[in-house]
Amino acid sequence: MFNFWGSKDQQQGQSRPPEASSQSPWYSPSLVSSPSSSRPQTSGQTPAQVSPGEAAGIIVFLKDKSVDELRKLLNDKDAYQQFLLSLDQVKIQNNIKDELRRETLQLARENLEKEPQIMELRNQCRIIRTTELATAQKKLNELERQKEEILKFYSPGSLLHKLQEAMNQVDEESEALQEKFLEKEIDTAAFVQKYKKLRTTYHRRALIHLAAKTSNI
């Protein structure tokens, strides 16, 4: 294998005429002291770390090159770039990058094609929000109000109150019937039958009222 760094040919190349050796390389001098780097780095950047497998793969491409070809890679940026793009690893990365770019552009085109549909759906949502939703909200509020009234009507306190009113009504009817009997406005048989029915209803409601109050307590 060609010994690139510190080779005899390179040392002999340093003794050539000044016009050949005075050509300044375009790469950063730090690359010379970092044999683990397979690509040039700009000034101020940390040299990239190359795995042994990658380095071996690159050396395969470099081992058959002459000293002049290697020196050209170091001094000629365009030559280095052309060599870099010829590597299989770089080709694979470029292919992946191109594929990702194509997919991104395709997604962007699809999104742009769907923009009118998105705008239409947005307008429909706005119409629903301002019309149908407002009507539905109004109906919901009315149903909520009715529910509150029903719950209030059938609440334990409301039912006890209504039962107490029913008791008072039956009690008043009983007193009115008794007054009619005392004033001879109704005969005894009719009085006893109606009065007994009213008092039975009153006591039944009174017992229910008492049981409800006791249970509620």
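The values are calculated or read from the model by the stated rules, or taken from the named source; none is laboratory data. Not measured: the values here are computed from a predicted model. Don't worry about glycine lacking a Cβ; one is built from the backbone with ideal geometry, like all the others, and counts go over all protein chains shown. To get the accessible areas, we keep the full protein, side chains included, count just its heavy atoms, and leave off ligands, DNA and RNA. Shrake-Rupley method; radii C 1.70, N 1.55, O 1.52, S 1.80 Å.
Brief remarks on what is shown
- Of the residues in the stretch 152-160, none is open to solvent by 90 Å² or more (accessible area, probe 1.4 Å) and modelled with pLDDT of 85 or more.
- Of the residues making up the stretch 193-216, those that are open to solvent by less than 80 Å² (accessible area, probe 1.4 Å) and of a type outside the set (S, T, N, Q) number 9.
- Qualifying residue in the stretch 145-154 (condition: of a type outside the set (Asp, Glu), in a helix (DSSP H, G or I) and more than 30 Å from residue 214 (Cβ to Cβ)): yes
- Failed item, numbered, when residue 186 is tested on (1) assigned to a helix (DSSP H, G or I); (2) open to solvent by less than 90 Å² (accessible area, probe 1.4 Å); (3) of a type outside the set (Gly, Ala, Ser); (4) at pLDDT below 90: (1)
- Lone qualifier among 114, 65, 97 - being among the basic types (Lys, Arg) and open to solvent by less than 90 Å² (accessible area, probe 1.4 Å): 65
- Where residue 84 falls short, out of the listed (1) at pLDDT below 85; (2) open to solvent by 70 Å² or more (accessible area, probe 1.4 Å); (3) not aromatic (Phe, Trp, Tyr): (2)
- Verdict on residue 127 being open to solvent by 90 Å² or more (accessible area, probe 1.4 Å), in a helix (DSSP H, G or I) and closer than 21 Å to residue 212 by Cβ: no
- Within the stretch 172-183, being open to solvent by 50 Å² or more (accessible area, probe 1.4 Å) and either in a loop (DSSP other than H, G, I, E, B) or not aromatic (Phe, Trp, Tyr) (or both) holds for 172, 173, 175, 178, 179, 180, 182, 183.
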